[in-house]
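Engineer: Here it is, the structure, as structure tokens.
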Amino acid sequence: MSRKVVVGALLGSAAVLAAVVAGYAGSARSATKATPLPSSSCGPVVYKGSGSPDFIIPSDLPLQGAIRHQTVQISRAMIWALAEAGWKAGPYKIGYQSCDDSTAQTGGWDTAKCATNAHLYANNRSVIAVLGTFNSGCAKIEVPVLNRAGLLEVSPANTNPGLTKKWDVGEPQKYYPTGVRNYARVVATDDIQGPADAMWSQSLGFKKVYVLNDKQTYGFGVATTYRNAAKKLGITVVGFEGWDAKASSYEALATRIKASGAQAVFLGGIVCNNGAKLMQDIKSVDPKIQIQTPDGFSDPNANGSVANGAYISVAGEPPKALTGAGATFVSSFGKQIGTTPNPYAAYGAQAMDVALLAVAKGGGQRAATTKSVFGLTVSNGILGNFTINASGDTNLTPITIYKQVGKNLVPVKTLVPSASLIG
């Protein structure tokens, strides 16, 4: 089936934004009732349907830096889901734009870019919902801006609990200045993921672990939940500290880790923050130490060969374990990209489907669209059957442990932490 795309000028991360729409080239459709977001942040409007789109749903992801291979795939999975829905949400015709919240200078998400993008979405009345963000720190900047505009944001990847639950001081209320929630996610949170990683450490027989974090919102949060659960499971945490993402060497840190007697090191953070170099130095000092990471290291291409043998957790069932609509996604989208989808691609597609359901129920109004996502039940979704609760969280809580083998993530075990380990 041919696909049509509005072609516009691309600036900044032009090559990456172009890669997102690869496979969707066709005859151009220049007329659109919806006002496109600017090319300074976003790629062209992707739309294949009758007439012109009524609304735009953009994604907000870091498309530059180490994880660009993963985030481009997530974006393409969102397009796949929109195409499967016939480019519509109920009676409304929907176009898609892929927007970049990263810069070449940071090599990942950027605070100023997140703020700029949020204001672009809020001020463009053609935007009916936003898919994102990938990084929890970026979400904490965007959500309050979108909240004031009554604009829904659905994330495929944010896992910091504080966005929806009581966590740090003032959370989550400070992200919702209007007092009305506008944020939901389809992924389990770090108060579940960290404990699952600790359970895996225990199952491997580790008695001593060293815990690192990248000093960012997500990394510190998941490292803390891992540490707390590990202690409850009788594992001794022999060190807990942050790493400097701009350091040229981590040999001194690696030496401290080895001297501690740790059998494993847990890296709470994202690979974009010099994660590959960190792993390299740790392994060079102690080749026998086991590396464990959360989903911030779920892109083998970014990790590199140094992560071979590392255990990496990702929320949800592995792609090949998905059934129904999930199995269809893995087969169809996998054929489109020529490989088994990254685990987070399914979350990208599911986030799009959730947003489309909300828009269909919302009658073309931002406030009604936002309200309709809370309590939304999805049957035979890509991720299975689940409900978005009043806080914006999913009731799906399995966490899968993968082992990196070359450029592949091989599923090893799916875990669901007990209530006593969560929180």
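The values are calculated or read from the model by the stated rules, or taken from the named source; none is laboratory data. Remember, it's a predicted structure, so these values are computed and weren't measured experimentally. When we count neighbours, we look across all protein chains shown, and the Cβ atoms used for this are built from the backbone with ideal geometry, even at glycine. Each accessible area value is taken on the protein alone, full model and side chains, heavy atoms only, with ligands, DNA and RNA left out. Shrake-Rupley method; radii C 1.70, N 1.55, O 1.52, S 1.80 Å.
Engineer: For the range 194-212, check the following and say yes or no: at least one residue is aromatic (Phe, Trp, Tyr), open to solvent by less than 10 Å² (accessible area, probe 1.4 Å) and outside any loop (DSSP other than H, G, I, E, B).
Structural biologist: Start the filter on the range 194-212 by keeping residues that are aromatic (Phe, Trp, Tyr), which leaves 200, 206, 210.
Then drop every residue that is not open to solvent by less than 10 Å² (accessible area, probe 1.4 Å), which leaves none.
Scanning the range 194-212 turns up no residue that is aromatic (Phe, Trp, Tyr), open to solvent by less than 10 Å² (accessible area, probe 1.4 Å) and outside any loop (DSSP other than H, G, I, E, B).
Engineer: Testing Thr133 on (1) farther than 18 Å from Thr71 by Cα; (2) touching a strand residue (DSSP E or B) at 6+ places or on another chain (Cβ under 7 Å), one condition comes back false. Which one is that?
Structural biologist: Going through (1) farther than 18 Å from Thr71 by Cα; (2) touching a strand residue (DSSP E or B) at 6+ places or on another chain (Cβ under 7 Å) one by one, Thr133 breaks only (1).
Engineer: Open to solvent by less than 10 Å² (accessible area, probe 1.4 Å) and under 30 Å from Leu356 (Cβ atoms), is that true of Thr178? Break it down into steps so the answer makes sense when it comes.
Structural biologist: Values: open to solvent by less than 10 Å² (accessible area, probe 1.4 Å): no; under 30 Å from Leu356 (Cβ atoms): yes.
Spelling it out, it is not the case that Thr178 is open to solvent by less than 10 Å² (accessible area, probe 1.4 Å) and under 30 Å from Leu356 (Cβ atoms).
Engineer: Can I ask one more? For Gly326, work out the one condition from (1) modelled with pLDDT of 95 or more; (2) open to solvent by 10 Å² or more (accessible area, probe 1.4 Å); (3) within 18 Å of the chain's Cα centre (by Cα); (4) farther than 26 Å from Gln216 by Cβ it doesn't fulfil.
Structural biologist: (2)
Engineer: Being in a helix (DSSP H, G or I), open to solvent by 20 Å² or more (accessible area, probe 1.4 Å) and more than 23 Å from Val72 (Cα to Cα) is the filter here; which residues of the range 278-305 pass it?
Structural biologist: Passing the criteria: Gln280, Lys283, Ser284, Val285.
Engineer: Can you tell me which residue in the range 138-175 is nearest to Gln350 (Cα to Cα), limited to those that are in a helix (DSSP H, G or I) and open to solvent by 10 Å² or more (accessible area, probe 1.4 Å)? Explain how you work it out, then say what you get.
Structural biologist: Of all residues in the range 138-175, those in a helix (DSSP H, G or I) come to 138-148, 161-163, 173-175.
When the remaining residues are screened for being open to solvent by 10 Å² or more (accessible area, probe 1.4 Å), the result is 140-141, 144-145, 148, 173-175.
On the way: Lys140: 21, Ile141: 23, Pro144: 23, Val145: 24, Arg148: 25, Gln173: 26, Lys174: 27, Tyr175: 24 Å.
Result: Lys140.
Engineer: Among the candidates Ala112, Ala85, Ala122, which residue alone is without any contact (Cβ under 8 Å) to a residue 24 or more places away in the chain and out of contact with any Gly (no Cβ under 6 Å at 6 or more places or on another chain)? Give the steps one after another, and end with the answer.
Structural biologist: Numbers: Ala85 fails: without any contact (Cβ under 8 Å) to a residue 24 or more places away in the chain; Ala122 fails: without any contact (Cβ under 8 Å) to a residue 24 or more places away in the chain.
Answer to the selection: Ala112.
Engineer: Something else about it: Going through the range 379-401 one residue at a time, which ones are open to solvent by 10 Å² or more (accessible area, probe 1.4 Å) and among the aliphatic types (A, V, I, L, M)?
Structural biologist: Of everything in the range 379-401, those that are open to solvent by 10 Å² or more (accessible area, probe 1.4 Å) and among the aliphatic types (A, V, I, L, M) turn out to be Leu383, Ala390, Leu396.
One line per residue, one yes/no per condition, for (1) open to solvent by 10 Å² or more (accessible area, probe 1.4 Å); (2) farther than 19 Å from Ile399 by Cβ; (3) part of a loop (DSSP other than H, G, I, E, B):
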{"site": "Ser313", "(1), (2), (3)": "no, no, no"}
{"site": "Lys320", "(1), (2), (3)": "yes, no, no"}
{"site": "Ser332", "(1), (2), (3)": "yes, yes, no"}
{"site": "Gln336", "(1), (2), (3)": "yes, yes, no"}
{"site": "Pro341", "(1), (2), (3)": "no, no, yes"}
{"site": "Tyr344", "(1), (2), (3)": "no, no, no"}
{"site": "Ala349", "(1), (2), (3)": "no, yes, no"}
{"site": "Ala358", "(1), (2), (3)": "no, yes, no"}
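Engineer: Oh, and also: Of the residues Ile141, Ile74, which single one is in contact with a Phe, Trp or Tyr (Cβ under 8 Å, 6 or more places away or on another chain) and among the aliphatic types (A, V, I, L, M)? Explain how you work it out, then say what you get.
Structural biologist: Working: Ile141 fails: in contact with a Phe, Trp or Tyr (Cβ under 8 Å, 6 or more places away or on another chain).
Only one candidate qualifies: Ile74.
Engineer: Further, regarding this structure: Kindly indicate which of Phe240, Phe266 is in a strand (DSSP E or B), open to solvent by 50 Å² or more (accessible area, probe 1.4 Å) and touching a Phe, Trp or Tyr at 6+ places or on another chain (Cβ under 9 Å). Walk me through how you get there before you give the answer.
Structural biologist: Working: Phe266 fails: open to solvent by 50 Å² or more (accessible area, probe 1.4 Å).
The conditions single out Phe240.
Engineer: Here is a follow-up. Looking at (1) in a strand (DSSP E or B); (2) aliphatic (A, V, I, L, M); (3) in contact with a helix residue (DSSP H, G or I) (Cβ under 8 Å, 6 or more places away or on another chain); (4) farther than 23 Å from Asp299 by Cβ, can you tell me which one Ile257 breaks?
Structural biologist: So Ile257 meets the others, but not (1).
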